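Here the structure is laid out as structure tokens; the discussion comes afterwards.
No value in this document is a laboratory result; all are computed from the given coordinates. On a predicted model such as this, the values are computed, not experimentally measured, just so you know. Here the Cβ is made from the backbone with ideal geometry for all residues, glycine too, and neighbour counts use every protein chain on show.
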Amino acid sequence: MCPDCEDFARTVLLLGQLALYADTNGADLDFVEAVSPSLAASLPEPPDTTTEGS
């Protein structure tokens, strides 16, 4: 997997896990509100998977 693809996939996974955590009983919603915007802002551009040789 290309480095950009790995970074994108990892960030999307973290966003999904954070969303699941936010829906659990007893979740620290202050933490979710503090981390979500930064994590979303760090999301890189989707990798170009249409290029030959990728």
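What does the helix-only formula give at 222 nm for the chain: each DSSP H stretch with n ≥ 4 adding -39500 (n - 2.57), the total divided by the residues, and the result rounded to the nearest 500 deg cm²/dmol?
Only helices count here, giving -20500 deg cm²/dmol.
Might you report the magnitude of the Cβ-based charge dipole of the chain about its Cα centre, with Lys and Arg at +1 and Asp and Glu at -1, to the nearest 20 debye?
Here the size comes out at about 120 debye.
Please compute the Kirkwood hydrodynamic radius of the chain from all pairs of different C-alpha atoms, in Å with one decimal.
Taking every pair of different Cα atoms in the chain, averaging 1/r and inverting gives 12.5 Å.
Relative to a virtual label point 7 Å from the Cα of Leu14 in the Cα→beta-carbon direction, which members of segment 26-52 show backbone nitrogen distances below 16 Å?
Counting backbone N atoms under 16 Å from the label point, the list is 31-46.
Just to confirm the number: angle between the C-alpha axis of helix 29-41 and the first principal axis of the chain, 0 to 90 degrees, nearest 10?
So the helix axis and the longest Cα principal axis differ by about 20 degrees.
At 0.36 nm per residue, and after removing the present C-alpha to C-alpha distance, how many nm does the segment from Asp23 to Asp4 gain when stretched out fully?
3.9 nm
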